[in-house]
1. Could you pull out the residue among A:Glu185, A:Glu128 that is in contact with a Lys or Arg (Cβ under 7 Å, 6 or more places away or on another chain), closer than 15 Å to A:Ser66 by Cα and modelled with pLDDT of 95 or more?
2. Within region A:217-233, count every residue that is surrounded by 20 or more Cβ atoms within 10 Å (Cβ to Cβ) and touching a Pro at 6+ places or on another chain (Cβ under 7 Å).
3. Please work out if A:Ala190 is touching a Pro at 6+ places or on another chain (Cβ under 7 Å) and either under 24 Å from A:Ala100 (Cα atoms) or of a type in the set (S, T, N, Q) (or both).
4. Would a scan of region A:242-262 turn up a residue that is hydroxyl-bearing (Ser, Thr, Tyr) and open to solvent by 20 Å² or more (accessible area, probe 1.4 Å)?
5. Anything in region B:143-163 that is under 19 Å from the mean Cα position of the chain (by Cα) and part of a loop (DSSP other than H, G, I, E, B)? List them, or say none.
6. Go through region B:105-124 and give me each residue that's surrounded by fewer than 22 Cβ atoms within 10 Å (Cβ to Cβ) and under 18 Å from B:Leu35 (Cβ atoms).
7. List the number of the failed condition for A:Ala140; all other conditions in (1) assigned to a loop (DSSP other than H, G, I, E, B); (2) under 30 Å from A:Asp275 (Cβ atoms); (3) open to solvent by 10 Å² or more (accessible area, probe 1.4 Å) hold.
2 protein chains.
Amino acid sequence: VERIAAALRVAFPQRSGEPLDDAAVIEGNFSSLLLCVDAAVEGVHVDVGRFPAGDLGFRATVAALSDLAAMGGRALGVVVAICARADADVMELEAGAIEACVASGCAVVGGNLSVAPTTSVAVSALGEAPPGGAVRRGGARAGDALFVTGPLGGSAAGLRRRRDGAALDDRLVAVHRRPVPRLHEGALAARSGATAMIDVSDGLARDARRLAAAGEVGLELRDVPVAEGATLDDALGGGEDYELVIAHREPALLLAAFADAGLRSPIAIGVVHGDPGVARLDGSELVDVGWRHGAPGAQEPR
Amino acid sequence: VERIAAALRVAFPQRSGEPLDDAAVIEGNFSSLLLCVDAAVEGVHVDVGRFPAGDLGFRATVAALSDLAAMGGRALGVVVAICARADADVMELEAGAIEACVASGCAVVGGNLSVAPTTSVAVSALGEAPPGGAVRRGGARAGDALFVTGPLGGSAAGLRRRRDGAALDDRLVAVHRRPVPRLHEGALAARSGATAMIDVSDGLARDARRLAAAGEVGLELRDVPVAEGATLDDALGGGEDYELVIAHREPALLLAAFADAGLRSPIAIGVVHGDPGVARLDGSELVDVGWRHGAPGAQEPR
């Protein structure tokens, strides 16, 4: 553990650069903070026989950052709690978390290491709400247009390809291994006036239903964009794509904001319906599927 | 999991009272934030055969809040990641975390629940640094007086009593089960000009050495206060007492601040020595013991 602690001091430098303190210090001028936590467990979220340990750290970190993105937030830093089996590669677990942070322009500011019978990584992300306030999950109103920031199902398809023997650097497998938290997109959508957002962590069917339920509205979806190599089932029930679902009253503002920023245009996927009992896709009842991690009896489309 | 999620929505209300968002929103006016994380694992930190599940949530939460206390911080909220075996009592795990927060006047603002082969609880605490800035671990200088906020070793003694068959509500067992994060004391010490602080999580011997190492100074300890029913070994190596070690240049200011606030007077335990190679207790070499959670070959005085 002392060896690991030494590694941790190297890999998890306090932001101040001073000797490790009990807590990280983050200086600034903040009026509205965001705080969230996500965890990834070996065997539940990441199949450790098929993926390197770093993927566990990477994916837990992306899941947390993606929660900030869904509120329109800016990431200020994350802290990482690693519970590691005695034979786990702690350096690689940490490196995965750090890689995910670097890719999003934030930093791992602190961490905790425990020995445990099962390896897991819990990541808490601290963020700052956008100037107009955090975008809530429940703000969608009847008539709002619905968008998604990218095609869906790539993660589930990549996992399937890996299970079928594809290499770790296969294009679709890489989509599964290295999801992108849509922080820029979330912040931009917030600034342009998005009424509600959620990230696609459990599949569009489940996450869109959550957004609708939070706002006590219904869904009229169509033309769900499916990632190359994926199926519509992957898009609806696969999850872990971490694209954002955006509800917006004035879609032209949203599209213009993304165009001005040079970001990929959000893809229209329908409208918010006034009746909370309505959840349709291309005119038919929207299936209620989604990835429930390790839940007994859960439907696991992957 | 849906049943558990429903329980989670009840037990982990977002601060806003609105439907669960992807992240908790904390409003205020902040210039210096503190962020830390701690975890407790069944079988490693809490003997689940001897203690109820709630103790795991309680103790992980206290460990995180105590880290804020050691910086002089004020707690703004915590997020709790629960990884739970299918047969774990998730409600009780959560209730423990909530109980620890309530006792400290803060709140659980968010959470995450995963199924896992081993039950663990990771708690991240967000805090605000005190007006004069966070008290760092490495600020002690030669000649500073050293104090501790209370007698030590009670936690280790209480664990031993429980292992020897004492009831859960035995006085010393309760000391072990319900440690108090010293947030008031830490804030007060910071305001009175403490030069360095650390919380006693792994035993005074190890934690005082850490404070000394961070400041590149030595230790001349004497008269370590031992909790009633505990031994000096418990105090030095037992850990999880969560009292604060405080270094202060002007002890009279510290003592006056605590007296004015009606808090138990900090107990003098020695002075900071200018030579980093010195670590003495009552004139003899300070033993290097402390509890390293589950470390192979670790000395476990408890």
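The values are calculated or read from the model by the stated rules, or taken from the named source; none is laboratory data. Owing to the predicted nature of the structure, the values given are computational and were not obtained by experimental measurement. Because the Cβ atoms are built from the backbone with ideal geometry, glycine has one as well, and the counts that use them run over all protein chains shown. Only protein heavy atoms, including side chains, enter the accessible area calculation; ligands, DNA and RNA are left aside. Shrake-Rupley method; radii C 1.70, N 1.55, O 1.52, S 1.80 Å.
1. Selected residue: A:Glu128, the only one of A:Glu185, A:Glu128 that is in contact with a Lys or Arg (Cβ under 7 Å, 6 or more places away or on another chain), closer than 15 Å to A:Ser66 by Cα and modelled with pLDDT of 95 or more.
2. Residues meeting the conditions: 3.
3. Here the answer is yes, as A:Ala190 does meet what is asked.
4. Scanning region A:242-262, I find no residue that is hydroxyl-bearing (Ser, Thr, Tyr) and open to solvent by 20 Å² or more (accessible area, probe 1.4 Å), so the answer is no.
5. B:Thr149, B:Gly150, B:Pro151, B:Gly153 - these are the residues of region B:143-163 that are under 19 Å from the mean Cα position of the chain (by Cα) and part of a loop (DSSP other than H, G, I, E, B).
6. B:Ala107
7. Evaluating A:Ala140 over (1) assigned to a loop (DSSP other than H, G, I, E, B); (2) under 30 Å from A:Asp275 (Cβ atoms); (3) open to solvent by 10 Å² or more (accessible area, probe 1.4 Å) leaves (3) as the failure.
Per-residue answers, yes or no, for (1) within 9 Å of chain B (Cβ to nearest Cβ); (2) crowded, with 24+ Cβ neighbours inside 10 Å; (3) in a strand (DSSP E or B):
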position: A:Gly28; (1), (2), (3): yes, no, yes
position: A:Ser31; (1), (2), (3): yes, no, yes
position: A:Val44; (1), (2), (3): yes, no, no
position: A:Pro52; (1), (2), (3): no, no, no
position: A:Thr61; (1), (2), (3): no, yes, no
